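Below you'll find the structure, written out as structure tokens, and then a few comments.
Nothing in this text is a laboratory measurement; each read-out follows from the coordinates by a stated rule. In this text the structure is predicted, and so the values were computed from the model without any measurement. Neighbour counts are summed over all protein chains in view; Cβ atoms, including those assigned to glycine, are modelled from backbone coordinates with ideal geometry.
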Amino acid sequence: MQLLEYFYDRNNEIDNYHPRKFNISNKEKIFIYGSPASGKTSLVLDYLMNYDSENVLYIDFQDPKFAFRDIMEEDVQGFINANNIDYLVLDHYEHEYFEVLPKLKQLIILSSSYYEYDEEIEKLELPLLDYEEFFSFQKRGTEKQIFNHFLRQGTLPALAIHSTPKEQLFLNFILSHFNESEQKLLGVLAHFNGATVTTFQLYTHAKERYKISKDLIYKQIKSFTEKGIITFIHDIENPKQKKLLFFDFALAKYLTLTQGFPKQFETMVALSLVKHQVPFKSFGINAYLTHFDQLILPTPFENEESFWKKAHNRFSTYKKQNIKKVYIITVGTHFEFRIENIVFEALPFYEWVVINDES
């Protein structure tokens, strides 16, 4: 019970929290999941400030005191009953750690890994920041200045509000969330960000650079996929081919020298589709086809004359895929034209994401 007393007495107040566009409901059981550093803990701690601390128990399973101690679900349930606790949070929870989940007014489970519970439980996926949220975090600056800041800082919530050099924050994030072997794998995955690649190719590339077993790297890649650190996008014309997307374009650039601006921009566009839950597939080298029959082309510095020629050359391919509209995503260029029944519209990323958010 000493460990539970420690968590019960701990001060869980947070400072400088910026509200996200996600809300926690009053359902009895809630499971919140998302990639590391997506802000799950901060979201919940802010939510708990609505209630009397005497009615709240927050347990963090990453607390170092768990290294030499353990708790059973019977102890937790007894402590809840004895102290009239209404709200329980299990943070960094390993699924099936408890055979029976505690019963009380509201239980909130936080994890980086998705899990399908047998009992009725509301699920909330918390992604990293999209551009709209990042924009709302900023206190000053023009839209162009904030967009450039977004390119530099990326989508980790901590980087949107801190003035500390991003390299130091990236390093702290990596060291605190991943072991040595996983840190090396992050570098490999960042190297292949935006590329068509197989798990075996990732393993081959990794083993040439550090000692790793095939079983371990396959296990780590599976875990990273489940946690949303990487996403594989199938190709519309070659279903067996998959493009790898790293979960943060700025972190990928920090980890490797292969991520130039065009690749970073392309990833930023693709991740926007992921975060807005728009179903899509890869279409060729650097384009994405959505279920709305819209083709998304990240081409940051495209001009109308150049693209008009490209559009005519590729028109038969677009028509074959029944594409209704082509969005040319740029840094700051606008233009629009039509070829037969297909509309081609170029607009800056920060304008396109607004349309994307409304879809």
- [ ] Excluding residues on the same chain fewer than 8 positions from LYS207, give the lysines whose Cα lies under 30 Å from its Cα.
- [x] LYS166, LYS184, LYS219, LYS222, LYS227, LYS240, LYS242, LYS243, LYS253, LYS263, LYS281
Open item on the list: If each DSSP helix of 4+ residues adds -39,500 (n - 2.57) and the sum is divided by the residues in the chain, what number results at 222 nm, nearest 500 deg cm²/dmol?
Closed with: -12000 deg cm²/dmol
Task: Whole-angstrom gap from segment 1-44 to segment 111-136, using each part's C-alpha centre - done: 13 Å
Task: Qualifying chymotrypsin sites (Phe, Trp or Tyr not before Pro) in segment 255-359, DSSP loop, other Cβ atoms within 10 Å at most 15 - done: PHE292, PHE301
Open item on the list: Once R0 is set to 30 Å, what does the formula 1/(1 + (r/R0)^6) return for the Cβ-Cβ distance between LYS310 and GLN241, expressed as a FRET efficiency to the nearest 0.05?
Closed with: 0.85
Open item on the list: Suppose a student asked you for the relative contact order of segment 1-90, using Cα pairs under 8 Å spaced at least 6 residues apart; what percent would you report?
Closed with: 40 percent
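Relative contact order for the chain: what percent, with Cα pairs under 8 Å and sequence separation of 6 or more? All intermediate terms of the calculation are to be shown ahead of the outcome.
Details: 518 pairs, mean separation 46.2, N = 359.
Reported as a whole number, the value is 13 percent.
Got a sec? How would SER113, SER213 order by Cβ neighbour count within 10 Å, fewest to most? Let's see the in-between values first.
Numbers: SER113 14, SER213 11.
Ranked by crowding around the Cβ, least crowded first: SER213, SER113.
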Open item on the list: At R0 = 51 Å, how high is the FRET efficiency between GLU226 and GLU345 if r is their beta carbon distance? Nearest 0.05 is fine.
Closed with: 0.90
Open item on the list: Testing the spin-label approximation: label points 7 Å from Cα along Cα→Cβ at MET49 and ASN179. State their distance in nm.
Closed with: 3.6 nm
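Between rounded, prolate and oblate, where does segment 275-359 land on the alpha carbon gyration tensor, with a ≥ b ≥ c its root eigenvalues, rounded for a/c under 1.5, else prolate if a/b exceeds b/c? Don't skip to the answer; put the middle values down first.
On the way: a/c = 1.63, a/b = 1.11, b/c = 1.47.
Cα axes put segment 275-359 in the oblate bin.
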- [ ] Scan segment 104-174 for trypsin sites (Lys or Arg not before Pro) in coil per DSSP, keeping those whose Cβ has at most 11 other Cβ atoms within 10 Å, and list them by number.
- [x] LYS139, ARG140
- [ ] Under 20 Å Cα to Cα from LYS103, which lysines show up? Leave out anything in the same chain fewer than 8 places away.
- [x] LYS27, LYS29, LYS123
- [ ] Report the charge-dipole magnitude of segment 35-85 in Debye, nearest 20, computed about the Cα centre from +1 at each Lys and Arg Cβ and -1 at each Asp and Glu Cβ.
- [x] 200 debye
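Please state the shape class of segment 2-125: rounded when a/c is under 1.5, otherwise prolate if a/b exceeds b/c and oblate if not, all from the C-alpha gyration tensor. Intermediate values should be presented prior to the final figure.
Details: a/c = 1.32, a/b = 1.16, b/c = 1.14.
Verdict is rounded for segment 2-125.
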TODO: Label segment 101-179 by shape, choosing from rounded, prolate and oblate, from the square roots a ≥ b ≥ c of the eigenvalues of the Cα gyration tensor; if a/c is under 1.5 it is rounded, and otherwise prolate applies when a/b is larger than b/c, oblate when it is not.
DONE: prolate
